[in-house]
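To start, the structure itself, in structure tokens.
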Amino acid sequence: MNKFGFSIAHTRSTDLDTANLGKAEELLQRVPSYKLCIGCGGCTAACTAGLFTDFNIRRIHTQFARGQYKGLDRRLQSCMLCGKCLLVCPRGVNTRALIVEMRRLLNNTDPA
Ligand code: SF4
Ligand code: SF4
């Protein structure tokens, strides 16, 4: 059967009082413009990697902000750091820096 249209997302909730937000708070320190994100999805719509894979940069940085880090390091490998998402963001979020810093924080590869 052909897949068509959209699917309904499962209901889920995040308890931010108990979530592990250490890395998310560090990310906000490193890329302050992320505070301006309105979740519009422009970055995902423009993303070349997202055209050919299930890579979704908005979903990834939203999950990161909620402390849901599991599996994100592997998914971030699809990003080519081309910067298209940065060009289209209506809020001026430095998405490219966001991706680089998420990778560093998830892989503990901070510069010395
Ligand atoms: S385009 Fe910018 S404001 Fe919109 S979801 Fe992406 S980072 Fe957030
Ligand atoms: S930098 Fe990464 S997330 Fe942004 S458009 Fe390019 S491949 Fe997509």
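So the values come out like this:
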read-out: Unique match (being within 13 Å of ligand 2 (Cβ to nearest atom) and surrounded by fewer than 14 Cβ atoms within 10 Å (Cβ to Cβ)) among 53, 44; value: 53
read-out: Single condition residue 17 does not satisfy, out of (1) near ligand 2 (Cβ under 9 Å from one of its atoms); (2) free of Cβ contacts under 8 Å to residues at least 40 places away in the same chain; (3) of a type outside the set (Lys, Arg); value: (1)
read-out: Residue within the stretch 27-40 that is among the small types (Gly, Ala, Ser), closer than 25 Å to residue 109 by Cα and away from ligand 1 (no atom under 11 Å from the Cβ) present; value: no
read-out: Selection within the stretch 7-35 - aliphatic (A, V, I, L, M) and either in a helix (DSSP H, G or I) or surrounded by fewer than 13 Cβ atoms within 10 Å (Cβ to Cβ) (or both); value: 8, 9, 16, 24, 27, 28
read-out: Matching residues, the stretch 88-111, being polar (S, T, N, Q) and either part of a loop (DSSP other than H, G, I, E, B) or surrounded by fewer than 19 Cβ atoms within 10 Å (Cβ to Cβ) (or both); value: 94, 107, 108, 109
read-out: Identity of the residue in the stretch 50-61, in a helix (DSSP H, G or I) and under 20 Å from residue 104 (Cα atoms), that ends up nearest to ligand 1 (Cβ to nearest atom); value: 58
read-out: Single residue of the stretch 76-107 satisfying the filter (within 10 Å of ligand 1 (Cβ to nearest atom) and in contact (Cβ under 8 Å) with a residue 60 or more places away in the chain) that is nearest to the chain's Cα centre (by Cα); value: 98
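All of the numbers you see were taken from the coordinates with simple rules; none came from a lab. Predicted, not measured: the structure shown is a model, and the values here were computed from it. Ideal geometry is used to build each Cβ from the backbone, glycine not excepted, and the neighbour counts take in all protein chains shown.
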